[in-house]
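Before any comments, here is the structure.
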Amino acid sequence: FIGVDLPFHKSLGSEGYFKSTLTTLDAVKQNIKLLLNTKPGERIMQPNLGIGLDRHIFEPIDENTTLQIQDGIIDVFKFWLPFVVVKDINVKFKELQDHNIITIEILFNLNKDSNTLESVQVTLGE
């Protein structure tokens, strides 16, 4: 077993009390989701971990915001997940009366397996 499957839930198998991820790719997907949902300074002893995407929820939606999000994701991946090759980042916005909903889809592969293309989707502001 590679890591803990999130959100936490009880295991029905032999992996222990909490359900675990079975492959490296599943563990990397969980790591990407956690990294995108973490604010810098939120993690004790790791003040630079995270990206703080939630700050964009109340910003005006324009091309500059999209570029800031994409550039921030690329920078944070280079530092925290250097074994992940980002192929594409798709940022979608939905404007509501008092805030925005941001959906980010990242298409990626691992350095060691360039033939396998995977995606992760994270939604903020729901």
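The values are calculated or read from the model by the stated rules, or taken from the named source; none is laboratory data. It should be emphasised that the depicted structure is a prediction, and the values quoted were computed from it without experimental measurement. Backbone-built Cβ (ideal geometry, glycine too); neighbour counts: all protein chains shown. Calculation scope for accessible area: heavy atoms of the full protein, side chains included, ligands and nucleic acids excluded. Shrake-Rupley method; radii C 1.70, N 1.55, O 1.52, S 1.80 Å.
Details
- Calculated accessible area for the stretch 18-126 comes out at 62 Å² per residue, all protein chains present (probe 1.4 Å; ligands, DNA, RNA ignored).
- Choice from Leu110, Leu22, Leu36 with maximal GNM fluctuation in the chain (Cα, 10 Å cutoff): Leu22
- Longest segment of the chain lacking trypsin sites (Lys or Arg not before Pro) that sit in a DSSP loop with at most 13 other Cβ atoms within 10 Å: 44-111
- Among the chymotrypsin sites (Phe, Trp or Tyr not before Pro) in the stretch 14-116, those located in a DSSP loop and surrounded by at most 14 other Cβ atoms within 10 Å of their own Cβ are Tyr17, Phe58, Phe83.
- Surface composition of the chain: carbon and sulfur atoms hold 52% of the protein heavy-atom accessible area at a 1.4 Å probe.
- The chain: angle of helix 63-80 to the longest principal axis, Cα-based, in degrees nearest 10: 30
- Those lysines that a straight Cα-Cα span of less than 26 Å connects to Lys39, excepting residues fewer than 8 apart in one chain: Lys19, Lys29, Lys78, Lys87, Lys92, Lys94
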